[in-house]
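Nothing in this text is a laboratory measurement; each read-out follows from the coordinates by a stated rule. Everything numeric here is computed off the predicted structure, so don't read it as measured data. Every residue, glycine as well, gets a Cβ built from its backbone with ideal geometry; the counts of neighbours run over all protein chains shown.
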């Protein structure tokens with residue numbers, strides 16, 4: 001990407017806010033291992049209406065990035081993807097300014113819902129507006145790739161087929177909407193462990209089915225066509241260690257879900273319902289023991305955009 005320096009000095013009172021939605025994987029295939037040690041993926045991703053919120057303000061005469069979060073368990077230093085995204089943007093546009101960033105977390109961490117990656121994408125979108133950088137989507141994607149493999153998808157939300165390590169994204173049109181019941185069991189599944197366990201548990205890689213490949217050839221996808229092909233390669237190895245996730249899947253199906261799946265490498269499970277009434281009834285009847293966090297959300301229909 002060409003480094004871009006804004007010709008406009010941003011106002012110290014100027015603030016921008018971006019909502020950062022969670023995602024679920026309607027299909028997640030883990031294919032062959034790449035020469036760089038990562039795996040090639042093939043996934044249909046969809047954003048949903050559970051959202052974090054990223055607010056950014058130019059911090060006057062004080063240089064540096066100051067990140068604040070309502071969740072004290074989340075680090076606010078360079079290990080945070082929001083911090084890294086902001087740092088990468090400032091480096092690319094050659095601006096030495098102060099930024100105050102407020103992150104309101106609603107998406108559970110380590111849950112397979114892409115909250116950190118979405119927050120990073122929201123940060124890049126917000127700074128593109130706040131600093132008047134006028135970067136294209138392609139340029140923002142290049143910045144996002146530096147921060148994390150899942151970040152590029154969120155520039156193409158709400159629905160896309162994601163391949164490679166996650167950096168290759170093709171937006172698709174998924175007609176209509178669905179309602180989801182998200183069930184987070186109260187613990188996280190470590191992604192690196194999930195990949196290692198999956199690799200150790202299989203003797204060969206199952207090739208991508210023609211039915212999946214055909215999805216990207218259709219001009220407009222229906223929920224019926226996608227859900228008929230819904231699957232997640234992580235389920236078998238993750239369920240073997242965390243059998244409660246299989247129990248959650250079975251409960252969601254019993255309560256009327258069209259499909260119930262693990263999102264990402266977990267640990268959140270989600271059930272898909274045709275309408276809000278069915279989803280809320282299922283959530284109210286779900287036999288929780290108090291450890292799970294249950295949220296009813298609709299599929300998100302638009303891209304990430306600045307609210308102010």
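With r as the distance between the Cβ atoms of residue 173 and residue 254 and R0 = 25 Å, compute the FRET efficiency 1/(1 + (r/R0)^6) and round to 0.05.
Working: r = 32 Å, r/R0 = 1.28.
In this case the efficiency is close to 0.20.
Kirkwood Rh over alpha-carbon pairs of the range 15-171, then Stokes-Einstein at 20 °C and 1.002 mPa s: what D in µm² s⁻¹, rounded to an integer? Write down the numbers at each step before the final one.
On the way: Rh = 15.8 Å.
Value of D from the Cα-based Kirkwood radius: 136 µm²/s.
Over the chain, calculate the relative contact order: mean separation of alpha carbon pairs under 8 Å at least 6 apart, over the residue count, as a percent. Mind showing how you got there, number by number?
Working: 675 pairs, mean separation 75.6, N = 308.
25 percent.
Output the relative contact order of the range 126-196, whole-number percent, from Cα pairs under 8 angstrom with separation of 6+ residues.
Working: 52 pairs, mean separation 12.1, N = 71.
Across the range 126-196, relative contact order equals 17 percent.
Return the calculated 222 nm mean residue ellipticity for the chain, to the nearest 500 deg cm²/dmol, obtained by summing -39500 (n - 2.57) across DSSP H runs with n ≥ 4 and dividing by the residue count.
-8500 deg cm²/dmol
Taking the mean number of other Cβ atoms within 10 Å as a proxy for protection, how do you rank 154-165, 273-284, 230-241 from highest to lowest?
Details: 154-165: 21.7, 273-284: 16.6, 230-241: 18.4.
Going by the mean number of other Cβ atoms within 10 Å, highest first, we get 154-165, 230-241, 273-284.
Note the angle between two axes, namely the Cα long axis of helix 191-201 and the longest principal axis of the Cα atoms of the chain, as a number of degrees from 0 to 90, rounded to the nearest 10.
Roughly 40 degrees between the two axes.
On a full-extension model of 0.36 nm per residue, what is the gain between residue 289 and residue 200, subtracting their alpha-carbon distance, rounded to one decimal in nm? Spell out each step's value before the answer.
Values: separation 89, 0.36 × 89 = 32.04 nm, distance 3.27 nm.
Between residue 289 and residue 200, full extension yields an extra 28.8 nm.
In degrees between 0 and 90, to the nearest 10, how far off the longest principal axis of the chain does helix 243-254 point, with axes built from Cα atoms?
Long axis of 243-254 versus the principal axis of the chain: about 70 degrees.
Please check which bits of the range 144-163 a label hung off residue 217 would reach, taking the label as a point 7 Å along Cα-to-C-beta and the cut-off as backbone N under 15 Å.
none
Cut-off 10 angstrom, C-alpha nodes, Gaussian network model of the chain. Which of 27, 141, 297 fluctuates the most?
Among 27, 141, 297, the largest mean-square fluctuation in the Gaussian network model of the chain belongs to 297.
Please compute one quarter of the surface area of the Cα convex hull for the range 179-298 and express it in square nanometres. Don't jump to the answer; show the numbers that get you there.
Details: hull surface 32.4 nm².
The directionally averaged projection comes out at 8.1 nm².
Please report, in whole Å³, the volume per residue of the convex hull around the C-alpha atoms of the chain.
Details: hull volume 41.8 nm³, N = 308.
Cα-based convex hull of the chain, divided per residue, equals 136 Å³.
Which angle between 0 and 90 degrees, to the nearest 10, do you get for helix 137-147 versus the longest principal axis of the chain when only C-alpha atoms count?
Long axis of 137-147 versus the principal axis of the chain: about 80 degrees.
Say each of residue 73 and residue 276 gets a label point 7 Å from the Cα, pointing the same way as Cα to Cβ; how far apart are those two points in nm?
3.0 nm
Pairs of alpha-carbon atoms within less than 8 angstrom and 6+ residues apart define the contacts here; what relative contact order does the range 179-298 have, in percent?
Values: 158 pairs, mean separation 54.4, N = 120.
Relative contact order, the range 179-298: 45 percent.
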